[in-house]
C-alpha cells in the first residue's frame, strides 16, 4: 500500500510538531528561570546604594565590591519588605561569608573579616514584594 504525497507531508509535519512540543516542555521544565525580579530601581550616590524591588522570586545581585587589603569589613544596611521574607548574603568565590534573614524592617551592619579579593552581595527569596535595601560603605 502506497502513501500519497499529501499524507506523507501530513505525517512529517505531525512528527515535527510532536517533537517541538516535547522539546519545549522539557526545556521549560529544566531551564534555569528560577530568578524573576519586577520593577527594580537601583541608585548609588556617594557610596550609598539604594535598591527597591517591586517583586522578587529567586536571587538578585545587589552589589559587588573589591577589597585591596585584609581586615575587618563593615557595611551598614537597612532592609525591609512589605510581604514575604528574604535573605541578604555576602559571598566570595561561592563561599557565603555573612547572611541575614529579613522578615521585618531592620537596620544593622554586615560585618566580616575580609581578605583581598572580589565580593558579591545578593538577595534570595522564595517570594517577596516591595523590598527596600540600603547599603552604606
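Residues of segment 66-87 that are assigned to a strand (DSSP E or B), over 14 Å from the mean Cα position of the chain (by Cα) and surrounded by 16 or more Cβ atoms within 10 Å (Cβ to Cβ): 73, 75, 77, 79, 80, 81. Of the set (1) without any contact (Cβ under 8 Å) to a residue 40 or more places away in the chain; (2) surrounded by 13 or more Cβ atoms within 10 Å (Cβ to Cβ), all apply to residue 62 but (1).
Where a number appears in this text, it was derived from the coordinates with a stated rule and is not lab data. Keep in mind it's a predicted model, so treat the numbers as computed, not measured. Because the Cβ atoms are built from the backbone with ideal geometry, glycine has one as well, and the counts that use them run over all protein chains shown.
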